[in-house]
1. Where in the stretch 86-128 is the amide nitrogen less than 14 Å from a point lying 7 Å along the Cα-to-Cβ axis of residue 158?
2. So for the pair residue 238, residue 207, with labels modelled 7 Å out along Cα→Cβ, what separation do we get in nm?
3. Using the per-residue mean of other Cβ atoms lying within 10 Å as a proxy for protection, in what order, highest first, do the peptides 122-132, 291-301, 143-153 fall?
4. Tell me the label only: which of (i) 26, 37, 24, 11, 2, 0; (ii) 24, 35, 23, 17, 2; (iii) 35, 61, 5 is P(r) over Cα pairs in 20 Å bins from 0, in percent as calculated from this structure?
5. Place the peptides 36-46, 106-116, 68-78 in order of packing, highest mean first, counting for every residue the other Cβ atoms within 10 Å and averaging per peptide.
6. Report the Rg/Rh value for the stretch 75-224, based on alpha-carbon coordinates and the Kirkwood definition of Rh.
7. Give the calculated FRET efficiency between residue 40 and residue 71 to the nearest 0.05, with a Förster radius of 22 Å applied to their Cβ-Cβ distance.
8. Hey, what number do you get for the chain at 222 nm if only DSSP H runs of n ≥ 4 count, each worth -39500 (n - 2.57), divided across all residues, to the nearest 500?
């Protein structure tokens, strides 16, 4: 199955439907709906999706990075907050949003793990961004990483425990919708491979699976993380879908074929049943068309 991401942002419902119509013109009949703000009137969104015969395959609940760093407020990516009250309120937000959008019949809800709590996290993440943008830093990047990426292991373990507890409640509440977890785009992301494995082992047979993201993994790879193939092979039995977005200088959501990722190598790694979702940040018709044609050319679409 192939699909395309449409984002509910400050443009509101009209902008969302414009993106849907553009996707339909390009031959997409399935969509991945990305929501960052839980305060929007979701009832109107559901009605509009049903009226326009929009088939949802997945619902992605995402926090913008600057919001994800604010530890004192609940959010879609804070199920692993150090403050258990914040973690539980974040889980309740995920459940409420998923239930309100249930009439649109998304099969999956896709979540991020958030960040490990660390001093001056925003400043240190900006330093990582500079490393990604620096073409002359290849030889010194790993050394600089060691200076920047430092956090208390016991705090990470505490957050991982909170994440598992809250995710258990979320997965039970939203069933039969399946919860899928994304790899992080930062070394400060909570769900590094071993932690992701811990979550899957902890929740056992619950409806929790893996959703790959090409740009997140590519960014993490430049910052010392494992390659695409290791993520996909390790979690192959739980892999449900993949976000197909290119990366350029540390910036994701680029049209596939216009950045640094070799999608030809990815194609053989994906099972036939894997849902393939193209993500292009600016939703321009020319870039959407280019990305779709490119993915067809390399055998992914």
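What follows draws every value from the coordinates through simple rules; no lab data is involved. Every value quoted in this text rests on a predicted model; they were computed, and no experiment measured them. Positions of Cβ are backbone-derived with ideal geometry, glycine not excepted, and every protein chain shown enters the neighbour counts.
1. Counting backbone N atoms under 14 Å from the label point, the list is 86-87, 116-119.
2. So the two model labels end up 1.7 nm from each other.
3. Packing order, densest peptide first, comes out as 291-301, 122-132, 143-153.
4. Only one listed value fits the structure, namely (iii).
5. Final packing ranking: 106-116, 68-78, 36-46.
6. Rounded to two decimals, Rg over Rh is 1.01.
7. 0.40
8. For the chain, the value works out to -13500 deg cm²/dmol.
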